[in-house]
Structures are given as C-alpha cells and as structure tokens.
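Undergrad: Below you'll find the structure I mean.
The values are calculated or read from the model by the stated rules, or taken from the named source; none is laboratory data. If you're wondering where the values come from, they're calculated on a predicted model, not measured in any experiment. FYI the Cβ positions are ideal-geometry reconstructions off the backbone, even for glycines, and counts take in every protein chain you see.
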C-alpha cells in the first residue's frame with residue numbers, strides 16, 4: 001500500500017471559477033459593487049432606479065479563482081412590456097448562477113420590495129445566497145447592527161439561511177475584498193473560464209452605448225422618466241491616422257419616446273447634449289484606451305418601452 005505525500009501543487013487549494021449575480025431592488029448599489037470588485041468601470045451606475053438594462057458581466061481575476069459577476073436589472077413590479085422582459089431576464093439569470101448576492105442598503109429599512117425579492121430567492125433552493133449590506137458608509141454602527149439582525153430574521157421567516165451576511169461600502173472600499181474572499185469558496189472547482197485580462201464579455205459597442213446613456217441620465221435627473229435608449233450605429237478606427245495617433249469614430253443615436261423630450265436632452269443651444277458628449281467621451285476613451293470622436297444625434301422612437309418591434313430594434 002503506497003501513501004502519497006502531498007506535493008506543493010496538491011496541497012494548494014484548487015482553482016475555482018463560476019458565476020455570481022447581485023440582486024436587489026433598484027438602486028441598492030449592485031452596479032457600484034460590481035465596479036468596485038472588478039476595479040474598473042463596467043456596469044453603469046446612476047442614482048435612478050432601473051438603470052442597468054443589459055446583463056453586464058464583470059470578471060474578477062485572482063490567483064485562486066475567477067469570479068464572473070452578472071449584473072441583472074433590478075426586479076420590480078412591471079408596468080410595461082420592457083419591465084416584464086427585464087424581470088424574465090432576472091429569473092433566468094438566478095437559475096443559472098453559482099451564488100446569489102442580495103444587496104440591501106444599510107441606510108434604508110427593509111421594505112415590501114426587499115420582501116418581494118427575498119420570497120423569490122427562498123424558492124430557489126440549491127443556489128447559496130449571500131446577504132450583502134451595501135452603503136455602510138452612510139450609517140452608524142447601531143443602525144448597521146439593527147439592519148444585520150433584521151436581514152437575518154427575514155431569511156428565518158422565509159425558511160432559508162444566508163450562506164454569509166457581509167456589510168460593505170463600495171464607495172469607501174470597505175470589506176469589498178472580504179466579500180470576494182467569501183464568494184470564492186461557493187464557486188465550483190474549475191479552471192478559468194475567461195482569458196486573463198478580460199474585464200467583461202459585453203461587446204464594446206454595448207458598453208459604449210451604456211456609458212453614453214449614463215451621461216444622458218445624469219443630465220436630466222428628474223425631468224425625464226426612464227425613456228432614454230442609446231444605439232451605437234458605427235464604431236470604426238479612422239483610416240488616415242498614423243499608428244501612434246489613433247482615433248476611433250463613434251456615431252450614436254440617443255432615442256427618446258416623445259418629441260417634447262427632445263429639447264430637454266439637447267438643452268438650450270445644444271448645451272446639454274454637448275455636456276453628455278464630453279462626459280461620456282472621457283469614460284469611453286478610458287475604456288477603449290484611445291482618443292475618440294463622438295457624434296451624437298437625438299431621435300424620437302414613439303413609446304418604445306411598450307412596443308415589441310421598437311424594443312427589438314433598440315436591443316431589448
């Protein structure tokens with residue numbers, strides 16, 4: 001009978017790789033957390049609910065693991081066809097990931113929206129669920145302790161247990177690394193699923209459209225409801241440039257639902273649209289690592305959130 005002695009290779013923990021998704025009611029800090037973990041801007045963030053429309057994956061590369069983050073839209077009571085489609089995307093994603101992180105802001109008491117999501121989570125038996133208490137930089141320790149107890153009780157009431165409860169602040173970079181450390185053991189043993197260096201598997205054009213949309217939302221905080229969509233029509237390197245001075249030409253359309261909204265987006269003498277262009281161009285250049293010429297046009301797609309044909313055209 002031979003006894004094998006552990007070599008340094010077998011003694012090391014096996015490499016893990018898998019998918020995690022953050023869920024939570026709109027504006028619970030999911031996208032900000034994704035960006036903090038990946039260390040680069042991949043998911044768009046805004047202080048308006050329902051900002052994330054695409055499944056943006058952020059990829060966290062570590063020596064011992066690869067954590068692939070799937071950022072789903074917030075689950076909410078749907079009022080439009082777009083809303084229903086977004087909810088379907090969420091449920092499909094939950095069924096396919098290895099671990100679910102439920103984001104609950106520390107500065108807001110648990111509400112009906114949180115219970116609605118927790119109830120849905122309770123129905124998913126096999127997938128481990130981690131409660132991520134976000135925005136801890138906004139509260140004192142007493143409020144945080146009360147929130148942690150309330151979150152623990154919520155799972156108890158619904159008949160399941162959290163794999164972990166982790167308080168974090170993505171903005172203050174507090175315990176973000178610890179969250180990754182706790183998510184990794186819940187992933188399956190697997191070699192890396194993406195090449196080293198990849199931060200997301202979203203096509204660049206989709207990410208560029210999202211960055212433009214984020215800048216457009218910032219400018220019109222309360223005047224426009226969620227009726228902005230962006231489509232990048234063309235993204236090409238300019239041919240007559242020397243190799244050491246490249247330039248990418250991007251032509252994009254910003255769609256709104258009604259002609260009356262056009263003036264809001266464009267602003268007096270085009271000032272607001274110019275601001276959207278300047279702001280988004282900075283982020284796009286950081287993403288692509290090259291200077292960009294950005295050409296923006298505002299177009300009306302009447303009631304696009306309710307029209308299946310328009311939704312398809314705008315990529316939903």
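Undergrad: Restricting the search to the stretch 93-111, which residues are without any contact (Cβ under 8 Å) to a residue 40 or more places away in the chain and farther than 19 Å from residue 31 by Cβ? Full working, then the answer.
TA: First, pick out the residues of the stretch 93-111 that are without any contact (Cβ under 8 Å) to a residue 40 or more places away in the chain: 95, 107-108.
Passing the criteria: only 95.
Undergrad: Go through the stretch 1-91 and tell me which strands (runs of 3 or more DSSP E), entirely inside it, have 2 or more residues that are modelled with pLDDT of 65 or more, surrounded by 22 or more Cβ atoms within 10 Å (Cβ to Cβ) and in contact with a helix residue (DSSP H, G or I) (Cβ under 6 Å, 6 or more places away or on another chain).
TA: Once the strands (runs of 3 or more DSSP E) in the stretch 1-91 are filtered for at least 2 residues that are modelled with pLDDT of 65 or more, surrounded by 22 or more Cβ atoms within 10 Å (Cβ to Cβ) and in contact with a helix residue (DSSP H, G or I) (Cβ under 6 Å, 6 or more places away or on another chain), what remains is 16-23, 65-71.
Undergrad: Conditions first: (1) surrounded by fewer than 18 Cβ atoms within 10 Å (Cβ to Cβ); (2) modelled with pLDDT of 95 or more. Residue 155 passes all but one, so which condition is the exception?
TA: Among (1) surrounded by fewer than 18 Cβ atoms within 10 Å (Cβ to Cβ); (2) modelled with pLDDT of 95 or more, the lone unmet condition for residue 155 is (1).
Undergrad: On to the next question. At least 1 residues that are within 30 Å of residue 97 (Cα to Cα) and either modelled with pLDDT under 90 or out of contact with any strand residue (DSSP E or B) (no Cβ under 6 Å at 6 or more places or on another chain) (or both) in each: list the strands (runs of 3 or more DSSP E) lying fully within the stretch 188-305 that qualify. Steps first, please.
TA: Numbers: elements: 229-237, 248-256, 292-300.
Of the strands (runs of 3 or more DSSP E) lying wholly inside the stretch 188-305, those with at least 1 residues that are within 30 Å of residue 97 (Cα to Cα) and either modelled with pLDDT under 90 or out of contact with any strand residue (DSSP E or B) (no Cβ under 6 Å at 6 or more places or on another chain) (or both) span 229-237.
Undergrad: Looking for something modelled with pLDDT of 95 or more and over 18 Å from residue 33 (Cα atoms) - is there at least one such residue anywhere in the stretch 114-125? Step through it out loud before you land on a result.
TA: So in the stretch 114-125, the residues modelled with pLDDT of 95 or more come out as none.
No, there is no match, as no residue in the stretch 114-125 is modelled with pLDDT of 95 or more and over 18 Å from residue 33 (Cα atoms).
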